[in-house]
Amino acid sequence: MKEHLQGSCISIDAKSWSYQIEILHERYLVHRYFGKKLSGISELHQERSFKKNYGTIHPDRTFNEFSFETELFELTSPGKGDYRVPLFNGRSSKGSSVFSFVYDSHEIMEGILDVPGLPGVYAEEGDSASTLKITCRDEDSGLNVHLYYGVIPEFDTLLRWCCFENRGTDPVSIERAMSFLLDIPEDNFDVLTLHGAYARERTAQRNRLNGGISSFSSLRGISSHHMQPFLGMLSPETGENSGSALGVLLVYSGNFLFEVEKTAYGTVRITSGMHDQGFSWLLEPGESLFTPQAVLIQSYEGLGGMTRTFHRLIRTRLCRGEHRDAQRPVLINNWEATYFDFTRNDLLKLADEAHNVGIELFVLDDGWFTNRSDDTTGLGDWQEDRKKLSGGLQELSQDLLKRKLKMGLWVEPEMVSPGTRLMQDHPDWVLGYPEKELTMGRTQLVLDLAHPDVQQHLIDTFTRVFSSADISYVKWDMNRCIGEWRSAYLPPERQGEVSHRYVLGLYRVMKELTERFPHILFEGCAGGGGRYDAGILAFMPQYWTSDNTDGVSRLFIQHGTSMIYPLSTMGAHVSEVPNHQVGRSTSLDFRLGVSMAGNFGCELDLRKLTQSEKQALSKRITWYKRWRLVIQFGDMYRLKSPADGEDSSLMIVSPDKHLALLFWYRRLHDASLLPPVIHLSGLDPSFRYREERTGASALGDELMHRGFPIEEPEGDFSVRIHQFVREESSASRQL
Ligand code: GLA
């Protein structure tokens, strides 16, 4: 980070881009540049004033060329002539919604600062990271805005967040507090978003950006199955391997909003942060409000370049703890095998089978606690059900260990079922208006995590549960959306704070429990992938991608998810056919092939498999264990999207490019197509690779440019997995 022109210009430089800010007339924070790396401050900058602009000239005529309506800003003042989507809205104690933020000071600090109470990307020793903090103030109200810009040059990543600090003498009501604002002096973009539903999470959609305001949001209390807190801004010509791609990811798990405004003047403004609908925050004198961190990744190597930077960043600078870099176990989860209907004996039979095929971890899903024979009851009273589990959790964990299986446990801490002891003891711990009809989701209610007593209760309860047996893994579920934002704990004037306080409470509970149990591998879940976001991944290094385990659906879900999230975070389990979610039958080989491109596991009743199916599974598990370091921690290249026809493919390459895997899938077969030739990606052009299955050997450039021929598939739902090993090295070497 460099200051120029007596500190009136600041340049933030990453590996391949520069971001420049000007403090204009010692007052205004103007955006100068965000693009390919520059060697110095751009001298060419001119205020691009709009001469015909009749509405918003500056009252002081010495600011002749200056227009609030068209200038590119880092921060503007609501009510002063900038009619674009704002970073901030509020009301002072005098009732004014007009704030005049002017530059006050700035400082540059080493490293990436923490965002108090919120998760975020961090820097490690050796990173040349720094953080710029710019403070602007509004004289009338005493409200200060601190804009933060964190940069980790090695990761081409810009981190942005804000803090609103009341340094006045009266309270200020904050009604919109976005994490950042970015003005772009061009408007020719495609917008990439990840849209979906339960069991169809994160489907990639790319559209032209049209005039006006496009918004992408969640008001479901969770980041949601329906829209990912992510936005890609792509040049129209951008593809997988070339072109400019800006990705913005919000590190937040609650209601969020992205707005992209294509103005009438050929510019674009992007803003993102907590959703402002229903939100307000009463800031008393001396108090501060921090916004979630937004991660901006600018790639000039297409979508693939953006993806690989996100993957590397999330894997190594967002995820944390001892499991961050550790290979992930092959697991079996009993959910689709038994649902709620099991006994200890059933579980142990399943465990015997699991051990025989090489599985390492047995996850006991929903239904292990009292009064839980279906999903209408039981949540909140976290006592093991001795009728189902004679001997309890501890004995079960010992029995599993005898079978060389570690034990995992499902929990859903944030919820309570009507009729439970917890609900009777603490009716005021539930979100909503108990005097009215409470809104149910999956026949359960949501605990008020804005309430510190509820947070403490969860910390104490789950400390007890996690200590009650040898538990190595926890699946933290959350199975409904939240809309009824009323907390009995907070006074009426603070009810607009509940949705954000819920998320802050959740983060406190997750932080405390994950720190108390550093050896436990935590996996997030929310009715499948309903809260698969960077906020949760900062505490839990993996996530259950979707309840939809059908191979075909998973190709699309995993493809969309891969835009941002690394394969080490992506739970991918093989399940039985006909598939429980969509009723489709596909070959075991195909289902295995799809789920091996992620954190592999089984979600089926192994007792029902034929001998030859068990053999096939066991063989694949052996293969997976050999290759999992590449799969979980390698660089991923999307070769063909499942949305582009019946064939799709991807590659994963070890960071040193000695090892590579090709996954190729065909859904429906065609009688008259020639066998496909796939152009590989990510190899070293000068290395010679041997393909292990066929024994074929070729140079990297040949495999990438001329391509690799795929053997003729036999029918529907076929898969080919090819492993490439640099001739001089051996496949068994570690990453
Ligand atoms: C959610 C999860 C499933 C399973 C059930 C249990 O739907 O996504 O994997 O754990 O809850 O009730």
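The values are calculated or read from the model by the stated rules, or taken from the named source; none is laboratory data. Fair warning: this is a prediction, and the values are worked out from it, not measured in the lab. Don't worry about glycine lacking a Cβ; one is built from the backbone with ideal geometry, like all the others, and counts go over all protein chains shown. Note: areas computed on protein heavy atoms with side chains; ligands, DNA, RNA excluded. Shrake-Rupley method; radii C 1.70, N 1.55, O 1.52, S 1.80 Å.
Split the accessible area of the stretch 603-724 by element, probe 1.4 Å, and carbon with sulfur accounts for 53%. Summarising the amide proton neighbourhood of ALA696: residues at separation of 5 or more, or on other chains, whose placed amide H is nearer than 5 Å comprise GLU691.
Which angle from 0 to 90°, rounded to the nearest 10, does the C-alpha axis of helix 344-357 make with the longest principal axis of the chain? Helix 344-357 sits at roughly 90 degrees to that axis. In straight-distance terms, cross-link reach from LYS608 covers every one of the lysines whose alpha-carbon lies under 17 Å from its own, apart from those fewer than eight places away in the same chain; here that gives LYS349. The mean sequence distance of close C-alpha pairs (under 8 Å, at least 6 residues apart), as a share of the length of the chain, puts its relative contact order at 10 percent. Please go through the residue pairs LYS402/LYS475; LYS15/LYS36; LYS2/LYS36 and name each one whose alpha carbons sit more than 18 Å apart in this structure. Correct reply: LYS402/LYS475. Karplus-derived 3J(HN,Hα) values for the stretch 708-713, using 6.51 cos²θ - 1.76 cosθ + 1.60 with θ = phi - 60°, are 10, x, 9, 4, 3, x Hz; glycine and proline are entered as x.
The lysines whose alpha-carbon is closer than 21 Å to the alpha-carbon of LYS262, local same-chain residues fewer than 8 away aside, are LYS51, LYS52, LYS80.
Picking from ALA264, VAL509, ILE471, whose Cα lies most toward the positive end of the charge dipole for the chain (charges on Cβ: Lys, Arg +1; Asp, Glu -1)? Farthest towards the positive pole: ILE471. Our summary gives the stretch 642-734 a relative contact order of 34 percent, counting only alpha carbon pairs under 8 angstrom and 6 or more residues apart.
When +1 charges are put on Lys and Arg Cβ atoms and -1 charges on Asp and Glu Cβ atoms, the dipole computed for the chain relative to its Cα centre reaches about 1240 debye. In terms of distances greater than 21 angstrom between alpha carbons, the cross-link table entries LYS406/LYS625; LYS625/LYS657; LYS388/LYS511; LYS406/LYS657 yield LYS388/LYS511; LYS406/LYS657. Can you figure out the FRET efficiency of THR443 with SER686, using R₀ = 51 Å and their beta-carbon distance, to the nearest 0.05? My answer for the efficiency is 0.25. For the stretch 2-317, the square roots a ≥ b ≥ c of the C-alpha gyration tensor eigenvalues yield an a/c under 1.5, which makes the shape rounded.
Of the GluC sites (Glu not before Pro) found in the stretch 274-377, those that fall in a DSSP loop while having at most 14 other beta-carbon atoms within 10 Å are GLU287, GLU322. Each Cα pair under 8 Å and six or more residues apart adds its sequence gap; the mean of these over the residue count of the stretch 2-317 is a relative contact order of 16 percent.
For GLY35, nonlocal amide neighbours, meaning residues 5 or more places apart or on other chains whose placed amide H falls under 5 Å from its own, are SER18.
Taking a cut-off of 18 Å, what percent of all Cα-Cα pairs in the stretch 542-699 are separated by more than that? Percent of Cα pairs beyond 18 Å in the stretch 542-699: 61.
Hey, can you grab everything whose amide H is under 5 Å from the amide H of LYS475? Only 5+ residues off in sequence or another chain; H modelled, so Pro and N-termini drop out. Amide H to amide H, under 5 Å and 5 or more residues apart or across chains, LYS475 pairs with LEU409, TRP410, VAL411, GLU523. Restriction of the trypsin sites (Lys or Arg not before Pro) in the stretch 64-118 to DSSP coil positions whose beta-carbon has at most 10 other beta-carbons within 10 angstrom yields LYS94. Taking 7 Å steps out from each Cα toward its Cβ at ASP60 and SER128 produces label points 3.7 nm apart. Annotation: per residue accessible area for the chain equals 37 Å², rounded to a whole number [probe 1.4 Å, protein chains only]. Here the stretch 2-317 exposes an accessible surface that is 46 percent carbon and sulfur, computed with a 1.4 Å probe and the other protein chains kept in place. Couplings 3J(HN,Hα) for the stretch 438-444, derived from phi with the Karplus relation 6.51 cos²θ - 1.76 cosθ + 1.60 (θ = phi - 60°), are 6, 6, 9, x, 6, 6, 9 Hz, where x marks Gly and Pro.
Taking Cα atoms only, the orientation of helix 611-633 departs from the longest principal axis of the chain by about 30 degrees.
Counting 0.36 nm for each residue step from ASN188 to ARG27 and taking away their Cα separation leaves a gain of 54.9 nm. The string of couplings for the stretch 520-536 from the Karplus curve (6.51, -1.76, 1.60, θ = phi - 60°) is 6, 8, 9, 10, x, 7, 8, x, x, x, x, 9, 6, 8, 5, x, 5 Hz, one whole number per residue in order, with x for Gly and Pro. Seen from every direction in turn and averaged, the convex hull around the alpha carbons of the chain projects onto 33.1 nm².
Estimated at 0.36 nm per residue, the fully extended path between HIS195 and GLU712 surpasses their Cα-Cα distance by 182.7 nm. Which stretch or stretches of the stretch 122-142 have amide N atoms under 17 Å from the point lying 7 Å from ARG324's Cα along the Cα→Cβ direction? Answer for the stretch 122-142: 122-130. What angle do you read, to the nearest 10 degrees and between 0 and 90, between the alpha-carbon axis of helix 452-467 and the longest principal axis of the chain? Relative to the chain, helix 452-467 is tipped by roughly 30 degrees.
A full extension of the chain between ASN207 and GLU3 corresponds to an added length of 69.6 nm, given 0.36 nm per residue minus the alpha carbon distance.
Accessible surface of the stretch 374-531, 1.4 Å probe: 50 percent of it comes from carbon and sulfur atoms.
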